[in-house]
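Here the structure is laid out as structure tokens; the discussion comes afterwards.
The values are calculated or read from the model by the stated rules, or taken from the named source; none is laboratory data. Not measured: the values here are computed from a predicted model. Heads up, the Cβs are rebuilt from the backbone with ideal geometry, glycines too, and the neighbour counts pull from every protein chain shown.
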Amino acid sequence: MNNMDFGIVTKVKSAIDNSEYDAVIVFGSDNVQYLSGTKLPCLFDYPERFVIVIWSKRGEPLIICPLEWKTTLHNESWLRRTYSYNELKSDSLKAVIKIIADLLHEELQGKKSAIIGVDKNRVPYEFFKELMNALPGMEIVGCDAWLNELRITKTQEEIKILEDVAHRTDHGILGAVHHVLSTMERPEKGLAELIRVHCLERNLDVVGYHSVSQAASGEHAKKFWPLAPKFGVGWGKNLSKGEMVRVEMKASLDGYWSSAARVLIMGDPSPEQKKAYENLVALREAAVENIKPGTSCNQVFKRVKEFAKKKGIELISDLGVGHGIGVSSFEPPYLNACDDTEIKKDMVLVIDPVIYGPNQEIMRSKDTVHITDKECEIMGWYKDWREPYLASKSYASGPG
């Protein structure tokens with residue numbers, strides 16, 4: 001059994017005991033992973049295959065999964081109770097519902113009424129209807145807000161691994177761009193794949209198309225993902241001297257994510273490129289200065305937007321300026337105009353201001369930050385990103 005629970009088991013038990021729910025039924029690869037430790041790419045890639053976690057106040061938590069996944073999930077999970085169903089049978093949905101109903105009736109026996117929390121944003125509609133019919137007398141309510149609140153602040157173990165994955169990703173990007181010379185041709189796609197390889201060398205998980213690298217330059221840098229809705233790993237265009245190149249990487253480590261974006265300039269920056277990068281740094285610093293406990297997410301967004309306007313910086317504000325990160329690469333809270341979530345100690349966020357460069361290239365710098373008692377600290381820098389990475393004319397050991 002995987003014993004690396006990152007302090008979550010204790011945290012969840014306490015949250016369940018202090019909640020209104022007699023039990024929670026959880027779907028979705030991210031929520032299932034968070035409550036069980038099952039960090040398998042197949043959970044993300046096959047959302048139609050039911051993998052369900054149940055936590056109740058009275059019994060031990062458990063996981064329900066397809067029969068052929070049972071051994072793997074049992075070995076990967078922190079949970080000791082594993083139940084399975086046969087997907088090949090036409091009534092597999094009813095079989096899963098029966099397992100849930102039998103377990104809850106057994107664990108809640110003698111209780112005249114019960115409140116069951118379900119993450120309604122993840123549960124399939126047909127499944128929810130069948131569940132309602134199978135649990136008469138029980139009140140089934142959404143527990144999405146409770147799950148968000150649970151995940152939004154991190155344990156100390158989670159903070160350590162999020163810092164580790166951010167650092168390894170930053171190191172991986174640096175290892176890749178170190179191979180780029182301003183005097184030699186290298187295709188965007190080749191650089192994107194080089195980033196993936198360097199992240200693999202640092203033991204990061206880059207399996208699956210939700211883990212993706214990017215290198216975009218010139219006209220392609222005017223788009224967020226030049227090959228969307230495909231995999232976005234880059235075109236065959238060669239990088240050219242003097243161009244700004246946006247490099248990005250999403251990767252994971254033990255199920256926890258990094259999301260990084262950096263700027264590479266092919267040679268010495270022009271005055272316009274230098275000014276644009278200074279603007280990007282100024283927005284990052286404005287965000288760091290304003291992110292602190294007690295401030296709301298939309299207040300941070302408003303202040304960064306006002307700072308950009310005051311400095312004459314064209315902020316692409318529709319995207320917000322950051323978001324949470326954890327067992328998924330993009331999760332609450334969101335630093336935008338709509339999210340009034342209060343920022344709290346031990347949140348981990350990705351700051352992501354986005355601006356236009358001198359030739360309307362999209363420039364961004366994604367930085368992982370940790371909220372402490374009083375302030376916001378950047379985590380995971382391998383390089384000091386107050387300056388962009390400049391491709392040199394030759395390697396230190398020679399021109400090859």
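Within segment 129-144, work out how many residues are within 13 Å of PHE50 (Cβ to Cβ) and either touching a Cys at 6+ places or on another chain (Cβ under 9 Å) or exposed (fewer than 15 other Cβ atoms within 10 Å of the Cβ) (or both).
Final tally of qualifying residues: 0.
Residue under question is LYS160, and the condition is that it be surrounded by fewer than 19 Cβ atoms within 10 Å (Cβ to Cβ) and under 30 Å from ILE378 (Cα atoms); does it hold? Steps first, answer last, please.
Values: surrounded by fewer than 19 Cβ atoms within 10 Å (Cβ to Cβ): yes; under 30 Å from ILE378 (Cα atoms): yes.
In short, yes.
Residue-wise test of (1) touching a Cys at 6+ places or on another chain (Cβ under 6 Å); (2) of a type in the set (Phe, Trp, Tyr); (3) at positive phi.
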| site | (1), (2), (3) |
| --- | --- |
| GLU331 | no, no, no |
| CYS338 | no, no, no |
| THR341 | yes, no, no |
| VAL350 | no, no, no |
| TYR356 | no, yes, no |
| THR372 | no, no, no |
| ILE378 | no, no, no |
| LEU390 | no, no, no |
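A quick yes/no check of all residues on (1) within 22 Å of GLY172 (Cβ to Cβ); (2) touching a Leu at 6+ places or on another chain (Cβ under 8 Å); (3) not aromatic (Phe, Trp, Tyr):
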| residue | (1), (2), (3) |
| --- | --- |
| LYS222 | no, no, yes |
| TRP225 | yes, no, no |
| GLY236 | no, no, yes |
| ILE265 | yes, yes, yes |
| ILE291 | no, yes, yes |
| THR295 | no, no, yes |
| ALA308 | no, yes, yes |
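Quick check on segment 195-235: of everything there that is at positive phi and crowded, with 17+ Cβ neighbours inside 10 Å, which residue is modelled with the lowest pLDDT?
GLY232
Looking at (1) closer than 23 Å to LEU147 by Cβ; (2) among the polar types (S, T, N, Q); (3) without any contact (Cβ under 8 Å) to a residue 24 or more places away in the chain, find the lone condition where SER113 falls short.
Checking SER113 against (1) closer than 23 Å to LEU147 by Cβ; (2) among the polar types (S, T, N, Q); (3) without any contact (Cβ under 8 Å) to a residue 24 or more places away in the chain, the one that fails is (3).
What residue, among those in segment 103-139 that are over 27 Å from the mean Cα position of the chain (by Cα) and in a strand (DSSP E or B), is nearest to LEU62 (Cα to Cα)? Quick ask: steps written out before the conclusion?
Residues of segment 103-139 over 27 Å from the mean Cα position of the chain (by Cα): 103-116, 126, 129-139.
In the following step, the residues that additionally are in a strand (DSSP E or B) were identified as 114-116, 138-139.
Values: ALA114: 19, ILE115: 18, ILE116: 15, MET138: 20, GLU139: 21 Å.
Checked segment 103-139; the qualifying residue nearest to LEU62 (Cα to Cα) is ILE116.
In segment 31-78, what count of residues is obtained for those that are touching a His at 6+ places or on another chain (Cβ under 9 Å) and in contact (Cβ under 8 Å) with a residue 60 or more places away in the chain?
So the answer is 3.
Cβ contacts < 6 Å: first residue part of a loop (DSSP other than H, G, I, E, B), restricted to segment 276-302; second residue surrounded by fewer than 17 Cβ atoms within 10 Å (Cβ to Cβ), any location; separation 6+ or different chain. Result?
LYS292/GLU375; PRO293/LYS344; PRO293/LYS345
Please pick out the residue among VAL327, VAL304, VAL281 that is assigned by TED's automatic domain parsing to the domain that holds HIS179, under 21 Å from the mean Cα position of the chain (by Cα), of a type in the set (A, V, I, L, M, F, W, C) and at negative phi. Give the steps one after another, and end with the answer.
On the way: VAL304 fails: under 21 Å from the mean Cα position of the chain (by Cα); VAL281 fails: under 21 Å from the mean Cα position of the chain (by Cα).
One residue alone meets the criteria, VAL327.
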